[in-house]
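Scroll down for the structure; my scribbles are underneath it.
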Amino acid sequence: MSSAEGGRLAGKTALITGGARGLGAAIATRFAEAGAKIIINDLNQEAATSAAEPLGGIGLAGDVSNAAAVTEMFAQLRKQVGALDILVNNAGISGLEGDNEARERIQKVAENATRAAQGEAIDPTDLQLSLLTEQSDEGWHRMMGIHVNGTFHCSREALRLMLPERGPRERDGCIINLSSIMGTFGRAGGTAYCTAKAAILGFTRALAHETAARKLRVNAIAPGWIATAMTDPLAPMHPILEAQTPQGHLGEPDDIAWAAVYLASEEAKFVTGQTLSPNGGWYMSQ
Ligand code: NAD
């Protein structure tokens with residue numbers, strides 16, 4: 001559909017998981033401006049609905065890590081909307097949510113990094129947030145459950161809805177998975193998050209192979225450091241992250257939203273199995 005006919009995504013229906021705030025909300029807003037019908041998923045029905053309504057969309061609650069909840073959400077989607085063209089697997093956690101001890105460690109690491117930058121000799125282990133020995137089973141499984149299993153659950157249900165029983169779709173459809181620079185670069189103290197985000201890249205490539213001949217494209221976005229509620233707990237580290245970023249600042253949610261608009265649009269029709277990484281130059285090889 002051309003822009004003259006109402007926007008690059010006119011006539012398309014898009015589901016954005018974890019879309020009540022942050023990157024998901026920015027993606028939903030830009031998709032709506034481009035003409036897409038929006039469905040926002042999040043954990044809480046009220047949050048999903050309040051984000052979707054101003055965009056003329058609908059909110060559907062559901063925990064993406066729970067296969068039964070995802071099946072139920074897609075049953076609702078099938079009933080209320082009937083079709084899907086674009087799925088954005090965006091729901092995610094940092095693992096730092098509600099962890100006050102982690103906030104203290106972040107503060108300490110930031111202070112150490114500043115002193116190291118000023119030439120003071122600092123033990124390199126004092127520049128790390130934590131070691132794998134401190135990782136709980138619960139936290140590890142929660143990380144995989146939301147990012148990896150959630151991406152799997154939603155993509156499987158989306159394919160059931162998006163693909164006809166045999167042969168390709170009549171028109172272009174796509175899945176966009178939110179990975180991270182952490183999925184390729186890695187980071188001390190973030191083993192679970194980095195593992196989950198790397199798994200999403202493998203998932204993206206395999207599913208892109210499976211669906212390429214069926215008029216479906218599957219791509220990943222690997223954002224750099226973006227200012228959202230997720231990166232708030234890292235505030236003491238922001239000056240250091242900014243100094244490490246060649247462009248000198250953190251990104252904003254729209255930097256990711258525009259990448260998603262491109263990947264979802266007709267202009268990206270030859271793009272599948274790829275990772276697009278808006279990151280201000282922090283990491284130049286994905
Ligand atoms: P955010 O914390 O601001 O928003 C995440 C949203 O996901 C929240 O609304 C939350 O309620 C929802 N959510 C969490 N668990 C869920 C679940 N089980 N089911 C459904 N919804 C759930 O985070 P953000 O910064 O907007 O990040 C969005 C995505 O981008 C995440 O996958 C994140 O890992 C990824 N990412 C973010 C950054 C960054 O710097 N902000 C960088 C790289 C990747």
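The test for being more than 21 Å from T195 (Cβ to Cβ), in a helix (DSSP H, G or I) and of a type in the set (V, I, T) holds for T114. Each residue in the range 143-160 was checked for being open to solvent by 30 Å² or more (accessible area, probe 1.4 Å) and closer than 21 Å to A75 by Cα, and 5 pass.
Filter the range 190-238 down to residues that are hydrophobic (A, V, I, L, M, F, W, C), in a loop (DSSP other than H, G, I, E, B) and in contact (Cβ under 8 Å) with a residue 60 or more places away in the chain, then give me how many there are.
Total satisfying the criteria: 3.
K37 - would you say it is within 21 Å of the chain's Cα centre (by Cα) and basic (K, R)? Taking the combined requirement at face value, the residue satisfies it.
In the range 14-38, which residues are more than 13 Å from the ligand (Cβ to nearest atom) and without any contact (Cβ under 8 Å) to a residue 60 or more places away in the chain? Of everything in the range 14-38, those that are more than 13 Å from the ligand (Cβ to nearest atom) and without any contact (Cβ under 8 Å) to a residue 60 or more places away in the chain turn out to be A32, E33, G35, K37, I38.
Residues that are of a type in the set (D, E, K, R) and open to solvent by less than 70 Å² (accessible area, probe 1.4 Å) were ranked within the range 83-142; the one that is nearest to the ligand (Cβ to nearest atom) is D99. Of the candidates L241, L250, the single residue that is open to solvent by less than 10 Å² (accessible area, probe 1.4 Å) and either within 11 Å of the ligand (Cβ to nearest atom) or at pLDDT 95 or above (or both) is L241. Scanning the range 66-77 turns up no residue that is closer than 25 Å to D255 by Cβ and either more than 11 Å from the ligand (Cβ to nearest atom) or not in a helix (DSSP H, G or I) (or both). Applying the condition of being in contact with a Lys or Arg (Cβ under 9 Å, 6 or more places away or on another chain) and either open to solvent by less than 20 Å² (accessible area, probe 1.4 Å) or at positive phi (or both) to the range 209-238 and asking which residue is nearest to the ligand (Cβ to nearest atom) yields A222. Among the residues of the range 45-78, those identified as acidic (D, E) and closer than 20 Å to R21 by Cβ are E46, E53, D63.
The values are calculated or read from the model by the stated rules, or taken from the named source; none is laboratory data. All values reported here derive from a predicted model rather than from experimental measurement. Cβ: placed from backbone, ideal geometry, glycine included. Neighbour counts: every protein chain shown. Just so you know, the surface numbers come from the protein's heavy atoms only, side chains and all, with ligands and any DNA or RNA stripped out. Shrake-Rupley method; radii C 1.70, N 1.55, O 1.52, S 1.80 Å.
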